[in-house]
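This report concerns only the one structure given below.
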Amino acid sequence: MSLAKRFVKDTAIYGIAAVLPKLINVLLVRLHTGILPPKAYSVNTQFYIYATYFNVLLTLGMETAFFRFFTKYNDNSKVAQTAFTTILVNSLFFLSLFLIFSDAISHFLEIDTNYFQILISILILDTLVVIPYAYLRVTHQPYKFAFYRLFNITIYALLNVVFLWWIPKLIIAGRFSTKFTTLFNEHPKVIYIFVANLVASFLTFLLFLPVLIRFKIGIDKALLKKMLSYGIPIMIAGLAYATNENLDKLLIGRLLDKETMGVYAAVYKIGVLMSLYVTAFRLGAEPYFFSQHKAENAKEQYAHILLWFTILGAVFMVGIMTFLDVIAHLLIGQAVYLKALNIVPIILTAYLIFGIYNNLSVWYKLTDRTRYAMILSIIGAVITIIFNIVMIPKIGYIASAWATLAAYGSMSLLSYYLGRKYYKVPYEMFKIIFYVGSSALTGFVIFKYFYHNYPVKIVILILYILMILILEKQKIKQVLKH
């Protein structure tokens, strides 16, 4: 199988493994918003925001460092051993801190202590399988990777349905004893979402045990120093990324109110549909970028990949905007949440640009200049923080959507210009900018002027696709030949 075909195949499988779980999470929004009022939904949002931050701290950037050194270092077993042991030790360290200072930390974060204890358990279980997941990717075992991911989300989704729909339905029908009904109803419904996650993480951890026992415990100090030097900037970049993704919701809750936070967070999930595309592409592309960096035409391949990523992303965005009313009804439903739909075109554009940034990042990953990932992400985080704090009180929650777009746009531009200095790739930037701009403008026009006019919307979508087919006729022929 050619490398190009393997890239497409692996990307498709990794895409299913990455997109399907996130898509199911998005589909669960309808169940959650149907059960939880906006204020309670904000509790769910807050829980997973903190999970994101702590997950970055616990992994220490070791996942990306593992990819880099596994393909670079002669002794692959030492790379795997060092990476896994480092994460294990770090997880135990944080676990001890969390257990000792549980009340103080939960009070500081303004989260219920019981929720925080569940959060800790989920974090530790999920962190310990990070390197095993990465090992499956780097050794080209996409089917196993997909199975583990899909197993986890299936358990989580089924338990959500059981806890939030099936049991309440049977309680109403009088199928359970009074004691069970009282016990079940005395807890806020949002806790059952967290319990479902905990059970899914635990069962996935058990499923991974045959893989986990293959990892020996031990650290090569010289190698660890190199991996941390590579990984810590990635970790800091991850914290900054978490800020770009999540701080807006926390600030809306503090500067406005929890109900608005819940509404914004729910509708934001529609915009996350673009991130599913970005994630699927990244999971397949990242190992490919590292494995191909020595090829004679590597830079040309990277340029082609970014162009096609942008083209497909642009079509995807126009498609989402064309059917936004249907998507919003299916995913959210409750009218109280739909007043924030005006953020969707902005968030979709922001995520498409972030996907471009991910592709551009090949220059600092392949030249071991990961400190720039940290610097660029911090710049994005600073823009996010300042823009939100200044503008939320003035224009409301939509400021957060614009802040996300401004942050990712700035990061992409800076990354492109720095990349030209350290690892120049012949990207077709005029086309890339054109496709991003045209898709954003087309999506805005559809939303603003033709939201309920399906004949016009579909014609616009078809015309947009035809335009791409005409403009990229020669490239499409070349791709089909291979």
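Every number in this text was worked out from the coordinates using simple rules, so none of it is lab data. If you're wondering where the values come from, they're calculated on a predicted model, not measured in any experiment. Using ideal geometry, Cβ is built from the backbone for each residue, glycine included, and neighbour counts are taken over all protein chains shown.
Length gained on full extension, L206 to V445: 81.1 nm, using 0.36 nm per residue less the C-alpha separation.
The distance between label points at L95 and I172 comes to 4.1 nm (points 7 Å beyond Cα on the Cα→Cβ vector). For the chain, the relative contact order comes to 23 percent (Cα pairs under 8 Å, sequence separation of at least 6).
What FRET efficiency, computed as 1/(1 + (r/R0)^6) with R0 = 30 Å and r the Cβ-Cβ distance, is obtained for T367 and F108, rounded to the nearest 0.05? Using R0 = 30 Å, I get an efficiency of 0.15. Shape analysis of the stretch 3-481 places it in the oblate category; the axes a ≥ b ≥ c from the Cα gyration tensor give an a/c of at least 1.5, with a/b not above b/c.
Scalar couplings 3J(HN,Hα) for the stretch 378-386, obtained by applying the Karplus form with A = 6.51, B = -1.76, C = 1.60 to θ = phi - 60°, are 5, 4, x, 5, 4, 4, 4, 5, 5 Hz; x denotes Gly and Pro. In the chain the longest region clear of GluC sites (Glu not before Pro) that are loop-assigned by DSSP and have at most 15 other C-beta atoms within 10 Å covers 297-427. A full extension of the chain between N453 and F147 corresponds to an added length of 106.1 nm, given 0.36 nm per residue minus the alpha carbon distance. Were the residues from K394 through W165 laid out at 0.36 nm apart, the gain over their Cα-Cα distance would be 78.5 nm.
Do the alpha carbons of any pairs in K258/K448; K225/K299; K299/K421; K72/K221; K249/K394 sit beyond 19 Å of each other, and which pairs? Result: K258/K448; K225/K299 exceed 19 Å.
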